[in-house]
1. Could you sort 823-831, 656-664, 107-115 so that the peptide with the highest average Cβ count within 10 Å comes first and the rest follow in order?
2. How large is the accessible surface per residue of the chain, computed with a 1.4 Å probe and reported in Å² as a whole number?
3. Scan around LEU484 for amide H atoms under 5 Å from its own, H built in the peptide plane at 1.01 Å from N, and keep only partners 5 or more places away or cross-chain.
4. Once both axes come from the Cα atoms, what is the angle between helix 715-729 and the longest principal axis of the chain, in degrees from 0 to 90, rounded to 10?
5. Tally up the carbon and sulfur contribution to the accessible surface of the chain as a whole percent, 1.4 Å probe, everything protein left in place.
6. Treating the angle as unsigned and between 0 and 90°, give the value, to the nearest 10°, between the Cα long axis of helix 525-556 and the longest Cα principal axis of the chain.
7. What's the angle, to the nearest 10 degrees (0 to 90), between helix 52-78's Cα axis and the longest principal axis of the chain?
8. Once amide H atoms are built 1.01 Å from N in the peptide plane, which residues 5 or more positions from ALA859, or in another chain, come under 5 Å H to H?
Amino acid sequence: MTTEAWAAALSQLEGLLDGRLMDAARVQSVRLESGQALAAAGRAAVLPPPDAATCRRLERTLSLAGEQLQRLDAALSAATNSSPAAFHQQTCQLMFGVQAAHAGVIMAAAALRESQAARRAVYELAAGVGALVLGSGARQLQLAVACAAVDHAAGLIQGQTAMLSSLLRLLELPWAVGSLPAVARTAFKPAAFLPWLSAAAAAIDCIQPSTAALDVGTSPRLASALAALLFTLWCVLCKHEAFQLGPALAADSAQRQLVWHVAVGALALYLQLPPPGKQGHGDLDLSPHLVPAWAGNILWHGRVFGASWAYCQGGRAPQLLELAEAALQRLLDAGAGASQAGSQPSESVERMQRIACCCGAVSLASAVPSMLIGSYQEGPGQLVRAELDAVRAAIRERTVRLVPRVAAALQLCLAGDVLDAAAACELLYLAIPVVAMPQGHPVPAASTAAQAADWCRAADACLRLLPLLAKLHAKLGNSPPVPLPGISGADPAEVLAHLTTHCLAMWPGAQSLVVTFQESLRSVDRAFNQAATELAEPLWTLHTTACRTLHWLAAQGGSPDLPTALRSPDWQRLAKAASLALQYALLDCMLLQEVAVAEGGGSSEEAAELRRRAQGMCATHAELLPVLSEKLGLPISQLALGAGLKADLQLATAVSPQLLVTPELAAAYVASTRAMWEDKAALPNPVDLLRFVRTAVNLARRWPRFAALLISSGLLAHGLQLAAQAELEVPSAREQCWQLVRSTLLLCSSFPANCDSAAAEGQRPTWPSYAAAMADLSAATESCNQELGADPAPSPSAMLQRYQRHALPAATALAVAMQQHWGEPEQQAAGPMELAAAVGTRSCAYLRCANLAGAGGPAAGQGDGSKRCGACRAVWYCGTDCSHADWARRGWHRRVCKALTAEREAAAAGAAETG
């Protein structure tokens, strides 16, 4: 059966070549026969090789094909009729010849083996292909562009590029590679190839504005044709020096610009076309998803480097990064679609194709940053230092937006078993410039909230990448050096270490940038509030991921299998970054809460949800404090002075659900804060002291339990005393002192109402001392306000002293009464429910979650793989490990699950009754 199939395929090709290609009058029959010949060649190619007689017959047929193709080129070149009908007929003849040649190439690649006759036959076929495609093919492309015949241009590009790419792959076979130098010297000289390339570039420009008009079947074929075009250009330019295209470009800047134009134009056209239907493709090198790969390789090649520099220097680098961003997103969408369709990522062929596609997209994304952060010299085609800094600043925003997509691409390709160390290492190597570029010189800055949010997302993506890099380091750390672009041999362990260092450094850098940006808006309330609205979600996400990262790093225990950056991280720097993440995420959350209260009233459900979110953030941070204490070698009470974490303990004590504010934590906060306020080395500027005291007072206004602690411990009285002294010693602190007076007035005025509201959550105290304490504080506050109004020249220090003498004793009595009330058993029983409500806002209710694998937001139900508790349906977990750990540890969820379940069932029953 094999012999008969091969004979039938040969007969069809021989019949087509027997003068029929030259018969312009038989367009329809030749069209049918050429399609049949190409299909028969494809069917025969999957069969075992034929016998020797059939191979000799095929060699003769290929030689005949070469002659016929050259005759057809001569006939088409001699044609003088330029009417539309003649143009259509000549285009058809050309395409039939291309199809016949393609059939011959397919059969030659499948059947022929090492022999002089086989090499000669392939050379003669290649000569005919070169004459037809680079000659008449280029002219027909030019005519199609001149006539604006988009369909003809698309068809010509498809047929010619598919044929050329197949021919090049045939010439790369071990038995045929000896013919390649001769083919390069004769049929594919730069003088012939570059005009065809120019015509292809014009055709791409012609098709781009009209992609919406292409029929459904044309788009996927055109996408594959673009991959074939760039593959052909890459082979001729980069892979095989025999074609001498590199030296030709070195001598002609216009031709370098042409090659650059083809690469960028093909990529832009590919992104305009509808996404290919599926990830897979029969030919790995010509998958449409590899268009970014070949484009990136070509743009990065030394012969085109100057054109790319000129493009970046012209201020258009962000456009190129936009293309890279879109290419990466298309790759990620294709990967997600393949997974949803039930593909098997573990299969070797699909995994390697996915890695190859990802390498291409990341290669394109890293090409521009690599050029900018690499070595440079002053001279033609390159940038001097000042220009380099300007370009870096201009494209930094786009590069930051690429980071999450690059990280997602790495997760997509490398999350399973690594099949090929070289491919994995290349992908990681290409990702380094994208992650490193934003962190370089000049110092990063953000001018809009959107840019600051992009930095938060980039840092979040880098942190989530760390477990994958640790896993790869354990697997590839001892692999031998592998060849990478521009490097003969690179150590995978060094590549992983370099990328890991940049990923870990992205977080503190991004956090510092966000702080600088938000502080720059402090004086403009509207701008500050608008920025807080845009940054609240990204900062919450970053804080959640940061806490998980620190728990994950602590759990690794400095394993020798980790990269150095993870084996011994800078805990001091990471702790400060986590502290800033909490402070600004909480600040934005509180601003949103104020807006919700103003718009929806005191009972606004949105405001209540934001309050629970704030409690959840601080609860997570409270669980992080023991880890930081251990890693920094300091007691929790000394973290403020010893590690510079001045806000962490205060926020954990003030905002966390009461169940987490243990007596030990409260005592540590009081001792730490008292020591910090008294330490002139820690707070050398009195203004800083006043600011810290006022921050504590403002927190106490929002959180009555914290206010009770601040007042009953004497910490507030001590702070007011120090503040009064500071105002007397440093007149410049007067304005800050007045702000503290106003905050203290508001605290004393609102504390009775806040206590009453907090008491209403459980049972309001009924003993007489409670009502008396409420009345005494209200009267004392009113008395202080009257004294302030009667004083013709009030001073802030005098007012603070009045509050100490009159208001604080009454406030202390109320605070002690409330603490006694909150200590009663029925009030203590409400603690687990409060904690459950706070952690119920999170994608994982386990406060020591160290899972960085799942993407998604930080809110309940947003994390990938996040699932509800099956019983109460009130809290979410990222997986069974965290749900089991939360159930076992202190029995927190076990203590409230039944109550939450009963609450849910009662609500459902009530809804059913009312319905």
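1. Working: 823-831: 12.8, 656-664: 18.0, 107-115: 19.7.
My ranking of the peptides, most packed first, is 107-115, 656-664, 823-831.
2. On the way: 36070 Å² over 915 residues.
So the chain comes to 39 Å² accessible per residue, rounded to a whole number.
3. Residues meeting the criterion, in which the H sits 1.01 Å from N, are GLY489, ALA490.
4. Result, in degrees: 90.
5. On the way: 19690 of 36070 Å².
For the chain, the apolar C and S fraction of the accessible surface comes to 55 percent.
6. Taking Cα atoms only, the helix is inclined about 80 degrees.
7. Computed tilt is about 90 degrees.
8. SER843
The values are calculated or read from the model by the stated rules, or taken from the named source; none is laboratory data. For clarity, every value in this text was computed on a predicted model and none was experimentally measured. Please note: Cβ atoms are built from the backbone with ideal geometry, for glycine as well, and neighbour counts cover all protein chains shown. Each accessible area value is taken on the protein alone, full model and side chains, heavy atoms only, with ligands, DNA and RNA left out. Shrake-Rupley method; radii C 1.70, N 1.55, O 1.52, S 1.80 Å.
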